[in-house]
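Step one of this worksheet: look at the structure below.
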Amino acid sequence: MPMANLFQDRTEAGQLLARRLQQLADRPDVLVLALPRGGVPAAFEVARELRAGLDVFLVRKLGVPGHEELAMGAIASGGVLVLNERVLRMLEISDQVVNAAAEKEGLELQRREKAYRGDQAPVDARGRIVVLVDDGLATGASMRAAVAAVRQQDPAGIIVAVPVAAAETCHDLESEVEQVICLETPDPFYAVGLYYRHFAQVTDEEVRDLLRQAAEDWPAPTADLRRGPNGA
C-alpha cells in the first residue's frame, strides 16, 4: 500500500509546487497551463503565487479497450497524437483500434474546449516559459502529448510541474523539456488519487470558475520575451 497521504488536496499541492517555482514570479513571459480537470486547482495556485497567466491545455488519454485505465496513448489540442509504443506492442493493438479511440476522445476534447472557454481563444504560448501542471503522473502519456503540442507553438521553454509521479515517468520527461519538477516520487507508485487525502472529481463548472477568476485577478500578459526558464 502507498505511504500516508502526501497532500491534503490539490490546492495544497499547488501551493507547494509554487514554492519550487518562485524564480518565475512576476515574469511577464510565464504562462501556466493546466491539464484539466484535476490539474486546474493545482495550477490555479501556481499561477496565483507567480502572478502569471493561467489557461487549460486539453489532453485526452487513449485507454486500452476493456482496460481504460491503461494508456495506449493520448491526444492533445492541435491534433497531436502521442502513442505508448510499448503498450501497443505488448498487447498487439491495431491501428484501427487506436484510430477509433482517437476519434472518440477527439470529440470529447472539442466539447471540453467549448465548455471551458466558450468562444475565447487559448492563450498564445509563443515565446513564453510554459509551466505544464497536473495533479500527478502515472505513465505520463497525457503530459507527453501536452509537451509535444505546446512545443509546436514555439515556446521559449517548457517546465513540467507535478506534485506526485512515478519516478521513471519523471526521468523520461527530462529529455523532452527544459525542467521537470516532481515533488514526490513514491516507489512503488500507485494511483495518483491515493496520495491525496481529498481527491474529489473536479467539475467543468469548477474549471470555468477558476479560469474566470484567474483572468479577472491576474490576466495573462502579452509580452513575447525569450528568456530561459531560469531567467537567462
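The values are calculated or read from the model by the stated rules, or taken from the named source; none is laboratory data. Remember, predicted model here, so these are calculated numbers, not experimental data. Heads up, the Cβs are rebuilt from the backbone with ideal geometry, glycines too, and the neighbour counts pull from every protein chain shown.
Structure summary
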quantity	calculated
Matching residues, the stretch 66-83, being modelled with pLDDT of 85 or more and either over 11 Å from A141 (Cβ atoms) or assigned to a loop (DSSP other than H, G, I, E, B) (or both)	G66, H67
One residue from Q110, Q120 being closer than 20 Å to V202 by Cα, free of Cβ contacts under 8 Å to residues at least 12 places away in the same chain and more than 12 Å from the chain's Cα centre (by Cα)	Q110
Only listed residue being farther than 28 Å from G63 by Cα, of a type outside the set (K, R) and modelled with pLDDT under 95, chosen from G127, G228, G140, G157	G228
All positions within the stretch 126-154 that are surrounded by 24 or more Cβ atoms within 10 Å (Cβ to Cβ), assigned to a loop (DSSP other than H, G, I, E, B) and more than 9 Å from the chain's Cα centre (by Cα)	R128, G140
Residue in the stretch 197-212 that is farthest from A43 (Cα to Cα), counting only those that are part of a helix (DSSP H, G or I) and free of Cβ contacts under 8 Å to residues at least 24 places away in the same chain	E205
Matching residues in the stretch 126-178 - criterion: being without any contact (Cβ under 8 Å) to a residue 60 or more places away in the chain, closer than 23 Å to D9 by Cβ and hydroxyl-bearing (S, T, Y)	T169
Test: residue in the stretch 4-21 that is surrounded by fewer than 17 Cβ atoms within 10 Å (Cβ to Cβ), of a type outside the set (V, I, T), modelled with pLDDT under 95 and in a loop (DSSP other than H, G, I, E, B)	yes
Tally of residues being surrounded by fewer than 15 Cβ atoms within 10 Å (Cβ to Cβ) and among the hydrophobic types (A, V, I, L, M, F, W, C) across the stretch 161-193	2
Any hit, the stretch 34-51, residues being touching a Phe, Trp or Tyr at 6+ places or on another chain (Cβ under 6 Å), in contact (Cβ under 8 Å) with a residue 12 or more places away in the chain and assigned to a helix (DSSP H, G or I)	no
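Condition check ((1) in contact with a helix residue (DSSP H, G or I) (Cβ under 7 Å, 6 or more places away or on another chain); (2) among the hydrophobic types (A, V, I, L, M, F, W, C); (3) surrounded by fewer than 22 Cβ atoms within 10 Å (Cβ to Cβ)) across all residues:
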{"residue": "A25", "(1), (2), (3)": "yes, yes, yes"}
{"residue": "F44", "(1), (2), (3)": "yes, yes, no"}
{"residue": "P65", "(1), (2), (3)": "yes, no, yes"}
{"residue": "E68", "(1), (2), (3)": "no, no, yes"}
{"residue": "R86", "(1), (2), (3)": "no, no, yes"}
{"residue": "Q110", "(1), (2), (3)": "no, no, yes"}
{"residue": "R117", "(1), (2), (3)": "no, no, yes"}
